[in-house]
Amino acid sequence: MIVGAVEVLPRVERNIARDSKLTAAERSHAAGDRLHLDPRPFDAFAARLSPRARYRVDVPPGAQGPFITRGAVVRAYSAFYFLPAIQVTKPAPLVFHYRFR
């Protein structure tokens with residue numbers, strides 16, 4: 001696991017950056033674009049976070065998809081996008097508000 005984290009992961013990241021036709025910003029938003037999420041609220045909130053900061057997500061349930069609601073998708077995507085900050089379900093000093101277009 002250590003070898004993978006120290007040697008393999010950086011090499012994979014370099015190869016993705018080198019071989020991708022996307023810019024760094026486009027790569028960071030690629031998953032959200034596929035989910036049709038507006039990137040502006042995510043970027044604005046990410047600028048306020050520091051590593052290990054605790055935050056909560058305030059999002060309406062939204063439409064029901066085949067398996068989960070749109071709100072659950074936003075919460076899951078937020079947990080990934082805002083790393084290394086920590087998403088919590090209880091009250092937190094920072095709250096990410098997202099509304100569907």
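Can you pull the percent of the stretch 23-63's accessible area that's carbon plus sulfur, 1.4 Å probe, other chains left in place? C and S fraction of accessible area: 55 percent.
Placing His97, His36, His29 in order of accessible area, with the largest value first and a 1.4 Å probe, yields His36, His97, His29. Each residue was assigned an accessible area with a 1.4 Å probe, and for Phe80 the value is about 120 Å². Our coupling estimate for the stretch 59-74, obtained by passing each phi through the Karplus curve with A = 6.51, B = -1.76, C = 1.60 and θ = phi - 60°, is 9, x, x, x, 5, 7, x, x, 10, 9, 7, 4, x, 5, 5, 5 Hz, Gly and Pro reported as x.
The values are calculated or read from the model by the stated rules, or taken from the named source; none is laboratory data. The model shown is predicted, which means the values in this text are computed figures rather than measured ones. The protein model used for the area step is the full one, side chains on, heavy atoms only, and it has no ligands, DNA or RNA in it. Shrake-Rupley method; radii C 1.70, N 1.55, O 1.52, S 1.80 Å.
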